[in-house]
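Right, one structure below, let's go through it.
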Amino acid sequence: MKPATFLITLINGLQLGSVYALIALGYTMVYGIVKLINFAHGDILMVGSYVVLFMLTTVFAAQTLLAKVIAVAAAIVFCVMLGIVIDRVAYKPLRSAPRISALITAIGVSLALQIIAQLIFGSEQIKFPQVILNETLFKIDKKPVKSLPIITCCVSVVLMIALNLFVNKTKPGRAMRAVSEDMGAARLMGINVNNTISLTFAIGCTLAAVGSVFYAQKVGYVKPLMGSLPGIKAFIAAVFGGIGSIPGAVLGGFVIGMLETFVNYFASQYVDAVVYGLLIVVLLVRPAGMLGKAVREKV
Amino acid sequence: MLKVEGLNVFYGAIHALHDVSFEVKQGEIVTLIGANGAGKTTILHTVSGLVRAKSGKISFQDQNITTTEAHVILKHGLAHVPEGRRVFSQMSVQENLLMGAYARKDKDGIAEDLEKVYMRFPRLRERYRQMAGTLSGGEQQMLATGRALMSRPSLLMMDEPSMGLSPILVGEVFEIIRSINASGTTVLLVEQNAAMALSIANRAYVLETGRIVKEGSADALMHDDDVRRAYLG
Ligand SMILES: Nc1ncnc2c1ncn2[C@@H]1O[C@H](COP(=O)(O)OP(=O)(O)O)[C@@H](O)[C@H]1O
Ligand SMILES: [Mg+2]
């Protein structure tokens, strides 16, 4: 592999890794707080892309910068509201039910979102408009380095740092950590657990909505099933890093994104085998994931 | 101050509390004693809103809190040190104490109370940046107590604070409870260690399989034959 090719592949790996990390954070934070694998999370990514598409093709006549900013903001607001409503309507009534019930419900919600998207937009893939500038920044050895991967990485890293500060340094962040460790004790501290759970869904969906723009722009189209694949990869990333752990989700996202990109360069037919193989190895060696805490079940 | 009348609590089909009634008056230390599984923890959980009663009434400072949500009850001035301490192990000592003041907005008052807690428990001040999960059992009990005091409660409910502690530490914990009470906080104490609990309490209730079977002044119960036989061995 030539140095230039290596660098370009590295950048692409970081780009994909950023998107996986943004989605993985939603899985891991929701799991940390309500112990639920929210299978509908990947589909939030799909919904976000459709909102941006809808805004830029149906609502606004011209794709000006202002229109793009509003479109992304609308996607974030819509996904946040959708995430909170899904939790309150579908998951909240099952909070004290066996975990398998909520898990099956999550799969149902995922299918419902895909079917609703098909009913509204059809099942064909539609070209995604250009939202983020993707010019050639410079060339290495005649190979162009584009701005989309760079912007994706920078925005994602900024969001992750902001999230880290929020969770560790603010009062609502402290409440989230308290609820995720011991819901009963958190209530005794005067924390409104339902609001804290909604906040967690809101943050997860914000990150997914931002990720959706980067992802749709990277693949170039939207379709109702587009959330499944990155959803599963991000879920694997979260488990790899240690589900429930925020740094774990970031680490997992970048590792899976890089691995996938590099394996894809050498032997694209083995990508999935390598990703799943890595997951199995990690789970055998460290069942709690790379940065996960040994599981301590509460009674 | 706290009045519980005819409380019935179920866990599914299990009838855990049968017509439980008791009262805690301002300034008192009241203790609920009973064997493991008698329903002591269930009583405290129901009072602080973590468990819902099927019937009965709980009033605190003349307000009906029977159906009030747990996070709101705290704001009425009722704090609960749960069984097994349940400190937030992934947070530092100081973060745990600040969690106790979560519902408060008065920054100055919080700083003042934090200082008071550190005065009362110097060992917590020494370890203020340490993760709570790495503290010893006795230190965790101090932290859980300090955390509850950070909400500036008028009634402090404590669930088996002596559990799992060495005899010396048990003595220390009861001394702390006495001094918290002396500084004006009413205390409802749940204990299996009946001898210790009766020695610091004003009044006591004896709980057997979800029913209150005896009540009286702590002195009287300490000299009651049945109580001596069953709990003071
Ligand atoms: N979450 C629960 N689910 C079902 N049964 C419970 C639960 N918590 C307590 N119990 C039952 O209720 C009874 C009283 O328990 P508890 O209040 O914990 O007693 P104590 O604190 O006096 O040891 C026991 O029989 C116990 O098995
Ligand atoms: Mg108990």
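Note on residue A:116 and residue A:168: their simple-model spin labels are 3.7 nm apart, each label 7 Å out from Cα toward Cβ.
Out of the DSSP beta bridges found with both residues in region B:124-223, what percent are antiparallel (nearest 5)? The antiparallel proportion sits near 55 percent.
Counting only the Cα atoms, region A:45-200 fills a convex hull of 180 Å³ per residue. The magnitude of the dipole of region B:37-169, with charges of +1 and -1 set on the Cβ of Lys/Arg and Asp/Glu and taken from the Cα centre, is near 140 debye.
Sorted largest first, the spans of the alpha carbon positions of region A:178-239 along the three principal axes are 49, 21, 16 Å.
Using θ = phi - 60° in the Karplus curve 6.51 cos²θ - 1.76 cosθ + 1.60, the 3J(HN,Hα) couplings for region A:24-36 round to 4, 4, x, 4, 6, 5, 5, 4, x, 9, 10, 6, 10 Hz; x is entered for Gly and Pro.
Measuring against 26 Å, Cα to Cα, the residue pairs A:92/A:127; B:54/B:214; B:3/B:54; A:146/A:233 contain A:92/A:127 as the ones spanning a longer distance. Taking the inverse of the mean 1/r over every pair of distinct Cα atoms in region A:5-106 gives a Kirkwood hydrodynamic radius of 15.7 Å. Counting only lysines at least 8 places from residue A:2 when in the same chain, those with an alpha carbon closer than 18 Å to its own are A:139, A:142, A:143. Across all Cα pairs in region B:81-233, the calculated P(r) in 5 Å bins from zero up to the longest distance comes to 2, 9, 18, 20, 19, 13, 8, 6, 4, 1, 0 percent per bin. Taken over the alpha carbons of region A:134-265 as equal point scatterers, the Debye sum produces base-10 log I(q)/I(0) values at 0.12, 0.14, 0.15 Å⁻¹ of -0.60, -0.78, -0.87.
Just checking the listed ones, A:70, A:256, A:243: in the Gaussian network model of chain A with Cα springs under 10 Å, the one fluctuating most is A:70.
When only the Cβ of Lys, Arg, Asp and Glu is charged (+1, +1, -1, -1), the dipole of chain A relative to its Cα centre reaches about 500 debye. Using alpha carbons only, the radius of gyration of chain A set against its Kirkwood radius gives Rg/Rh = 0.97.
Entry note, chain B: the mean residue ellipticity at 222 nm calculated from DSSP H runs of n ≥ 4, each adding -39500 (n - 2.57), is -10500 deg cm²/dmol after division by the residues and rounding to the nearest 500.
Note on residue B:116: aspartates and glutamates with a C-alpha under 17 Å away, same-chain residues under 8 apart excluded, are B:95, B:106, B:108, B:126, B:139, B:175. Quick one: among A:239, A:213, A:281, which has the greatest mean-square fluctuation in a GNM of chain A with alpha-carbon springs under 10 angstrom? In this elastic network of chain A, the residue with the biggest mean-square fluctuation among A:239, A:213, A:281 is A:281.
Look at the dipole of the protein assembly as shown built from charges on Cβ: of B:71, B:98, A:200, the Cα furthest out on the positive end belongs to A:200.
Inverting the pair-averaged 1/r between distinct Cα atoms of region A:201-277 gives 13.3 Å as its Kirkwood hydrodynamic radius. Only helical runs count toward this figure. For chain A, summing -39,500 (n - 2.57) over DSSP H runs of n ≥ 4 and dividing by all residues gives -24000 deg cm²/dmol at 222 nm. When Rg and Dmax are taken over the Cα atoms of region A:171-210, they come to 10.7, 35 Å.
When both bridge partners sit in the protein assembly as shown, DSSP labels roughly 60% of those beta bridges antiparallel.
Computed over every Cα-Cα pair of the protein assembly as shown and binned at 10 Å starting from 0, the pair-distance distribution P(r) comes out as 4, 16, 23, 20, 15, 11, 7, 3, 1, 0 percent. Given +1 at the Cβ of Lys and Arg, -1 at the Cβ of Asp and Glu and no other charges, the dipole of region B:1-85 around its Cα centre is 140 debye to the nearest 20. Of A:154, A:205, A:79, which is the most mobile in a GNM of chain A whose springs link Cα atoms less than 10 angstrom apart? The residue with the greatest mean-square fluctuation here is A:154. Against the empirical 2.2 N^0.38 Å (N residues), region A:120-187 has a Cα radius of gyration ratio of 1.87.
The Stokes-Einstein estimate for region B:1-148, based on a Kirkwood radius over Cα pairs and taken at 20 °C with 1.002 mPa s viscosity, is a diffusion coefficient of 128 µm²/s.
Summary value for chain A: 36 percent relative contact order, contacts being C-alpha pairs under 8 angstrom separated by 6+ residues.
The alpha-carbon of residue A:171 sits under 19 angstrom from the alpha-carbons of these lysines, leaving out residues fewer than 8 places away in its chain: B:75, B:105, B:107.
Computed from the coordinates by the stated procedures, all read-outs in this text should not be read as laboratory data. Everything numeric in this text was worked out from a predicted model, so none of it was measured. Methodologically, a virtual Cβ is constructed for each residue, glycine included, from the backbone with ideal geometry; neighbour enumeration extends over all protein chains shown.
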